Amino acid sequence: MASTNEATVIHMDDTTGKAPVTAAPPPGAAPAPVQQQQQRKSGGGVPFILRSGAEGFRRCMAFVDLLLRVAAFGPTLAAAISTGTSDETLSVFTEYFQFRARFDDFPAFTFFMVANAVAAGYLVLSLPFSIVGIIRPKATGVRLLLLVCDTVMVVLVTAAASAAAAIVYVAHEGSRRANWAPICMQFHGFCQRTSGAVVASFLAVLVFILLVLLSACAIRRHR
């Protein structure tokens, strides 16, 4: 007979006649149900971003929002710098008779540079709010603030990029009806820099649109 103080439980097997021995758990180990509860509380090895079901999904959306803001910062900053440094001088016959093309000769390019600089600064300032959305995925107020500001940036950057694109088109193609000759045949560097800046700005517009859609979906899932 087995005493009640023994650490093993002995059961006779009818087929073999042997008594299998089942080892008891270590003295400091918690029972299996307690271990399962502890794993559920700690996330069970699931990454921090993917925990808690719907809350984890909102946290994933906030993380994507942060990545998109970092991605949009590059094109807006590059567009502002490229436009602000667009300056080319063309010498004709002598050095005293020159033609010069600068971005501030065109009000549209000045507006374009300022708008992209404002958008780049806004993206940097919005990063802490996006991080708050990752830490506190139920913070609807932060999402609503970012949605409003992102919408304003979409309008601002789209207007600036469209105005600059019109000037770039005239610089490349000219206008026969207005008797405007294309200048890109002479000012190659100026046209290349401004054209690249316009392309980068439209890429930033696409990222801002994605940010608006992402914020709107996150707010809708909160309800």
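The values are calculated or read from the model by the stated rules, or taken from the named source; none is laboratory data. Here the structure is a predicted model, which is why all the values come from computation and not from measurement. For accessibility, only protein heavy atoms count, side chains too; no ligands or nucleic acids. Shrake-Rupley method; radii C 1.70, N 1.55, O 1.52, S 1.80 Å.
Could you give the C-alpha radius of gyration of the range 141-214 expressed as a fraction of 2.2 N^0.38 Å, taking N as the number of residues it contains?
Normalised Rg, Cα atoms only: 1.45.
In whole Å, largest first, what are the principal axis extents of the Cα atoms in the range 66-178?
That works out to 68, 31, 17 Å along the principal axes.
First compute the accessible area of the range 106-163 with a 1.4 Å probe, then give the percent of it belonging to carbon and sulfur atoms.
That share works out to 86 percent.
Under the 0.36 nm per residue contour assumption, what length would be gained going from the current alpha-carbon distance of residue 145 and residue 127 to full extension?
Between residue 145 and residue 127, full extension yields 5.2 nm more.
Taking 0.36 nm per residue of sequence separation and subtracting the Cα-Cα distance, how much length would be gained by fully extending the chain between residue 135 and residue 104, in nm to one decimal?
So the chain would gain 6.8 nm between residue 135 and residue 104.
Between residue 220 and residue 169, what length comes free when the chain is fully extended (0.36 nm per residue of separation minus the Cα-Cα distance, one decimal in nm)?
Residue separation times 0.36 nm, minus the Cα-Cα distance, leaves 14.3 nm.
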